[in-house]
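This report refers to the structure that appears directly beneath it.
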Amino acid sequence: MPVLRHVFAALFLLVLVPACPARAQGDIVLGMSAAFSGPTRGLGIELYRGAQACFAEVNAAGGVHGRRIVIRALDDRYSPGPAIENTITFAEQGDVFALFGQVGTPTATRVLPLLRRYQGSDLYLLFPLTGAEPLRQPPYARWVFNLRASYAQEARGLVDNFVRQGRTRIAVLHQGDAYGRAGWDGVRKALARFDLTIVAEASHARDTGPEADMGPQVDILARGRPDAVVAVGSSEACAAFIRQARDAGLSVPVAVLSFAGAERLTELLAHAGAAAGRDYTADLALSQAVPSHDDPNLPAAAAYRRAADRFAPPPPPTLVGDGYRPLPYSLAAFEGYLGARLFVEALRHMGPDPHPRLLPEALRALAGQDLGMGEPVAFGPDSNQALTRVHFITVERGRLTPLHDFTRWRK
């Protein structure tokens with residue numbers, strides 16, 4: 001019952017404490033509640049580090065209209081209760097310009113009602129690392145600006161590619177929460193366009209670790225005789241499933257949505273493969289919300305790497321001594337960098353006297369611009385989502401590499 005206690009405490013605060021619309025006139029402060037500990041901490045830490053690389057570069061050049069941008073980070077452990085408490089803390093502090101970089105569907109969706117509660121304070125959530133539909137649909141979409149493509153778009157891209165190769169019997173493994181349901185629903189709707197249905201499905205707990213027994217889930221999906229599996233879970237849970245599925249002889253391609261964290265998933269599978277003397281990364285497809293940071297044709301990727309090399313942002317100060325080893329570059333950090341770039345451009349558009357109420361207009365003014373991604377920003381009157389393309393990667397010789405077509409899996 002700990003989550004319920006957090007929720008009741010949050011609701012109690014909402015009743016007793018009025019919203020505070022004031023903003024400090026010094027630094028531009030972004031409030032970031034994210035998973036900085038626990039099994040998904042890599043996503044939160046790297047997203048933070050990528051954003052910090054951008055802001056450090058901007059601050060070193062004098063800031064935006066002379067004002068520095070800083071992130072105030074709080075750990076929610078990928079748990080809804082702490083995420084609610086952290087969001088209330090940010091809202092009541094009064095100097096937080098906007099919320100930034102919430103990580104995960106179970107947390108982000110639970111703080112959406114707070115955006116409505118604090119609408120008089122012009123509190124917006126910017127660029128959360130989730131592709132869940134509630135952040136893109138009424139009644140809450142007006143207070144959320146997304147960077148990435150949705151999970152529905154990721155699922156559609158995977159399903160379309162598999163169906164083109166004759167792989168129409170698709171099974172789904174999904175986390176037993178809002179994130180898992182979002183991915184499952186995306187696959188279901190994508191298949192329905194071809195008059196197809198999910199042939200088998202199984203779920204697992206949110207905190208499933210890499211050594212968990214996924215034998216029951218493997219058995220359930222195998223009975224459906226799939227020719228592809230879409231996994232909607234964390235890197236730890238997906239690694240446990242893939243390892244045991246391969247050991248059980250389920251050799252069909254496995255596709256994983258972006259939230260799994262490609263680097264961590266690959267690391268876990270490589271470690272398990274080295275111990276077992278086999279390659280668990282074979283026949284793996286990973287959908288991504290951003291392109292590779294190694295793409296030589298993307299100016300934004302080169303800019304991100306330069307900023308990461310120059311400033312090498314550490315994890316949030318509260319994690320000093322935690323033992324986490326930051327990655328030189330990562331997809332989550334690149335996503336954080338891109339979100340930070342968008343925010344910086346919006347601030348510049350607002351002029352020397354920025355205010356949160358100006359954010360929607362400032363962000364939509366970026367529509368059609370290319371921030372070095374090879375894709376125009378898609379903000380508009382009816383869209384608070386900047387990017388719509390889905391990218392794919394796979395593992396070849398132990399390295400993450402772009403996956404431009406799925407013909408290797410033609411039946």
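Here are some notes:
- Tilt relative to the chain, helix 262-276 - C-alpha long axis, 0 to 90 degrees, to 10: 40
- Modelled spin labels at residue 195 and residue 211, positioned 7 Å past Cα toward Cβ, are 5.0 nm from each other.
- Extension gain (nm, one decimal) between residue 399 and residue 275, 0.36 nm per residue minus Cα-Cα: 42.8 nm
- A straight chain from residue 119 to residue 247 at 0.36 nm per residue would run longer than the Cα-Cα distance by 40.9 nm.
- In this structure, residue 407 and residue 318 have a Cβ-Cβ separation that, at R0 = 41 Å, corresponds to a calculated FRET efficiency of about 0.30.
- Sorted by Cβ density within 10 Å, fewest first, the residues 294, 213: 213, 294
- On Cα atoms only, tilt of 299-311 relative to the major axis of the chain in degrees: 70
- Pair residue 361, residue 223: separation of 7 Å Cα→Cβ label points (nm): 6.0
- Ranked for footprinting exposure by Cβ neighbours inside 10 Å, fewest first, 122, 207 give 207, 122.
- One decimal place: the segment residue 282-residue 375 gains 30.4 nm when fully extended, by the rule 0.36 nm per residue minus the C-alpha distance.
- Take the Cβ atoms of residue 164 and residue 27, set R0 to 45 Å, and the FRET efficiency comes out at 0.35.
- Ascending count of other beta-carbon atoms within 10 Å, so fewest first, for 349, 271: 271, 349
- Computed about its Cα centre, the charge dipole of the chain is approximately 480 debye, with only Lys, Arg, Asp and Glu carrying charge at their Cβ.
- Loop-located chymotrypsin sites (Phe, Trp or Tyr not before Pro) in region 293-357 (DSSP state not H, G, I, E or B) with no more than 11 neighbouring Cβ atoms inside 10 Å do not occur.
- Global form of region 310-411, assessed from the alpha-carbon gyration tensor, a/c cut-off 1.5: oblate
- Look at where the Cα atoms of region 222-249 and of region 123-139 average out, and the two centres are 29 Å apart.
- Tensor-based shape of the chain (alpha-carbon gyration tensor, a/c under 1.5 rounded, otherwise prolate or oblate): prolate
Computed from the coordinates by the stated procedures, all read-outs in this text should not be read as laboratory data. Quantities reported herein were computed from a predicted structural model and do not represent experimental measurements. Neighbour counts are summed over all protein chains in view; Cβ atoms, including those assigned to glycine, are modelled from backbone coordinates with ideal geometry.
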